[in-house]
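What follows is one structure encoded as structure tokens, with my remarks underneath.
The values are calculated or read from the model by the stated rules, or taken from the named source; none is laboratory data. A quick note: this is a predicted structure, and the numbers were derived from the prediction, not measured. Cβ placement follows ideal geometry from the backbone for every residue including glycine, while neighbour counts extend to all protein chains displayed. Side chains are part of the model used for accessible areas, which takes the heavy atoms of the whole protein and leaves out ligands, DNA and RNA. Shrake-Rupley method; radii C 1.70, N 1.55, O 1.52, S 1.80 Å.
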Amino acid sequence: MGRLMYSMMTTLDGYTADADGDFGWGIEQDMELHRYFEELMRPVRTFLYGRRMYETMVFWETAHELPDEPPEMAEFARTWQAADKIVFSKTLDTVSSARTTIARDLDPDAIRALKETGDLTVDGPGLAAAALAAGLVDEIGPIVVPVVVGGGTRFLPDGVRLDLELVEERRFDSGAVHLRYRTR
């Protein structure tokens with residue numbers, strides 16, 4: 001049985017984007033963190049995206065073709081390209097990456113069936129909120145970066161109560177910390 005994991009960079013005060021929608025406050029090209037994240041994502045068979053997150057992540061469809069990119073970037077591009085992607089959107093009509101389909105609604109039974117095939121991630125705080133509310137998320141893994149932005153898009157939604165068990169933590173020289181929790 002696979003796991004549904006929710007993992008994103010978040011500020012110390014719990015935001016994935018600031019009040020202006022910017023998420024570029026992350027850490028400067030931390031290749032140690034990038035390699036670690038690629039290792040975490042390597043076993044993922046399917047990425048579940050909201051439309052905005054998909055539009056950000058589709059960069060990886062051609063990232064391996066960019067000149068002068070570090071090898072870590074090409075490695076993650078290959079990992080991303082090898083996985084299936086499902087974009088949950090009521091407005092998107094076409095996708096611009098291989099192995100990608102569009103779904104209009106999050107169907108908990110369909111997600112449970114996908115978990116039977118291997119690991120999945122849910123990416124984007126809006127879609128993750130729906131998956132959390134449906135009790136589908138098995139692991140939560142915030143990558144906390146050393147910045148406070150004071151408001152914006154929250155990593156975790158209001159109104160969801162979860163009992164968690166810490167199963168891993170890792171610190172990086174950049175000051176980022178990855179925390180991996182299993183839901184109980």
TODO: Starting from the amide H of Val149, placed 1.01 Å from N in the peptide plane, find each other amide H under 5 Å away whose residue is 5 or more places distant or on another chain.
DONE: Asp13
Task: the chain - mean residue ellipticity at 222 nm from DSSP helices (-39,500 (n - 2.57) per run, n ≥ 4, rounded to 500) - done: -7500 deg cm²/dmol
Open item on the list: Assuming 0.36 nm per residue, please report the length gained on full extension of the stretch Thr56 to Leu162 beyond their Cα-Cα distance.
Closed with: 35.3 nm
TODO: Per residue, how big is the convex hull around the C-alpha atoms of segment 118-184? Give it to me in cubic angstrom, could you?
DONE: 111
Task: Two-decimal log10 I(q)/I(0) for segment 37-137, as the Debye equation yields it once each C-alpha is a single scatterer, q = 0.11 Å⁻¹ - done: -0.33
Open item on the list: Give me the percent of accessible area attributable to carbon and sulfur for segment 1-132, probe 1.4 angstrom.
Closed with: 53
Open item on the list: Given contacts defined as C-alpha pairs under 8 Å and at least six residues apart, what's the relative contact order of segment 133-184, whole-number percent?
Closed with: 50
Open item on the list: Modelling each spin label as a point 7 Å along the Cα-to-Cβ direction, I'd like the Asp22/Glu75 distance in nm, to one decimal.
Closed with: 3.1
Task: Principal semi-axes in Å for segment 74-183 [√(5λ), Cα gyration tensor, largest first] - done: 25, 19, 16
TODO: Let me have the relative contact order for segment 67-152, percent, based on Cα pairs under 8 Å that are six or more residues apart.
DONE: 18
TODO: Could you quote the convex hull projected area for segment 25-81, Cα atoms only and averaged over all directions, in nm²?
DONE: 4.4
TODO: Calculate one ³J(HN,Hα) per residue across segment 2-17 by plugging θ = phi - 60° into the Karplus curve 6.51 cos²θ - 1.76 cosθ + 1.60, and present them in order as whole Hz with x for glycine and proline.
DONE: x, 10, 9, 10, 10, 9, 8, 6, 9, 6, 4, 8, x, 10, 8, 8
Open item on the list: I want to check the label-to-label distance for Arg112 and Ala63. Put each point 7 Å from Cα in the C-beta direction and report it in nm to one decimal.
Closed with: 3.4
Task: Size-normalised alpha-carbon gyration radius of the chain, reference 2.2 N^0.38 Å - done: 0.99
Task: segment 81-101 residues near the modelled Arg45 label - backbone nitrogen below 15 Å, point 7 Å along Cα→Cβ - done: 82-86
Task: Residue-normalised accessible area of the chain, expressed per residue, 1.4 Å probe, Å² - done: 53
Task: the chain, relative contact order in percent, only Cα pairs under 8 angstrom and at least six apart counted - done: 36
TODO: Highest first, please rank the peptides 115-126, 83-94 by the mean number of other Cβ atoms sitting within 10 Å of their residues.
DONE: 115-126, 83-94
Open item on the list: Test of understanding: what is the full-extension gain from Ala134 to Ala103, defined as 0.36 nm times their sequence separation minus their Cα-Cα distance?
Closed with: 9.5 nm
